[in-house]
Structures are given as structure tokens and as C-alpha cells.
Amino acid sequence: MVSYEEISDSEIEENISDETIEEFEVKEENSFSEEQTTEEQENLIENVTMEDENISEETQVEETTVEEVPVTDEICVQAENKNADIVQSGKLGNYVTYTLDSSGLLTISGKGDMEDYDDDIDSPLFNSRSEINHIVIEDGVTSIGKYSFPGFRNLASVELPNSMVSIGDYAFCYCNSLENIELPNSVASIGDYAFYYCESLKNIKIPSSVKDIGLNAFNYCYYLNIEVDENNEVYSSEDGVLYNKTKLKL
């Protein structure tokens, strides 16, 4: 059963650092109004147009040549990171390691479960969380630990392996730039508040393998459309809303 209940902010934020919450609130306060956004977009278009006029013919020829070559997502990632330097590395579990490069790519590899933390500041990634924009977890890693990535406010996308079985409590809460995450058909459980306040998350498909979704896992994901695999034995969805299989309870 999917559980949703009213709970005070103080209870939710008990183990989330004040620094993480303050950063989130500042971003909320500085959100553009629709009118401001439109003005920003117009200025951006004007600036880009002026920059385009200053591009040399040589550069334009080079760009045209590149566009004629079929480019895959994998090639794009390699191109973006081929000159990136490793700026941090360490362990996230007994047999799980990570590297963070200067482009903001966090790569997690190894075997078995990631570490569970008591709160977000215990993670070795806490002080680097604003620098991380993309996470790739490689095959062999079986779980994302509790409080692994909360408040990673610039994190836009996450790639999970087919070995992934569980996503821990509070794993991605307050990742309010997270737009894309695809759950492989190996994930069995999604923890409490796992995607809480992921405001930019728009679509997620719950595979047939998922048997347990924790308390308020997707609360305050305002624009989220949830689709459940029709072969899932526990959950279902209708009009983008998550239900149990009989559609009697959320």
C-alpha cells in the first residue's frame, strides 16, 4: 500500500541539515515569476543572437561537420567528460567506491550495497553536493543508501543499473532540479521520502518488480506523472496518480 500522511516539516527535516534546508528555501524564495522568466528568456535570446553573429566562419564550418556525424547519448557523455579531472574519490560502502570529476559527474561503482547514513552530513559527498549534476551508478551496486543524496540541488539526472534492488529512505529528497530517473526492472523497494520535494521530476515509471513504496515517497513532486507497469502485482496508476492494485487507496 502506498502511504501518505500529514506530518510536520520539523519531523521531516529532523535529520536533514539546516544548511541543506536553507539552500532549498533560498532557491524557493528566488524563483522567477512568469513575467520575470519571460523577460529573462527574451534577454537570453537576444544575447545568444549577438553571440552567433560573432562566430567565425571557421567555427561554423567545424560545427556543421560535427552535426553531420550521428551522435549517441553515450558519445555525448564521453565528449563532455573526456577532459574532466577527478576532484574527489572515496568509498560509499564496504565494496562501493565513487569518483567525482570536474564536470559534475559522480560515478559510483563496485559490488553490493551503498552505506546507510544517520543524516545527510554524514555522507562524504555532503560538502560537494552543489557541484554534482549527474550521477551514474554502475552495474554491481545493489542499493542506494539512506540519506545518500538529499539536497543535491543541482542534480538533474541519475542513471541506475539493472543490479539495483532498493532505493533508501530520503535518498533524493530536496533534489529539486532532478528531472529524469529511470527505474530498472530490478528495483523492489523505494524508501520513505525517497523523492520528497523533487519539484522538477515530471515522469517516472514504476516497474513490475516494485513491491514496496515507502511513506510519502513522492510527496510535493508537483508535476510528477506516475505510470505503473500493468504487470505490477501491488500498485497501479490512473491519470498519473499512484494507487494500490485495486485502486481503492493511494
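Every number here is computed from the coordinates shown, using simple stated rules; none is lab data. Keep in mind the model is a prediction, meaning the values are calculated, not measured. Ideal geometry is used to build each Cβ from the backbone, glycine not excepted, and the neighbour counts take in all protein chains shown.
Quick check on my filter: what residues within segment 212-250 are among the polar types (S, T, N, Q) and either within 19 Å of the chain's Cα centre (by Cα) or surrounded by 16 or more Cβ atoms within 10 Å (Cβ to Cβ) (or both)?
Asn216, Asn219, Asn225, Asn232, Ser236, Ser237
Here is a list: Tyr193, Tyr197, Tyr170. Which entry is aromatic (Phe, Trp, Tyr) and more than 18 Å from Met114 (Cβ to Cβ)?
Being aromatic (Phe, Trp, Tyr) and more than 18 Å from Met114 (Cβ to Cβ) holds for just one of Tyr193, Tyr197, Tyr170, which is Tyr197.
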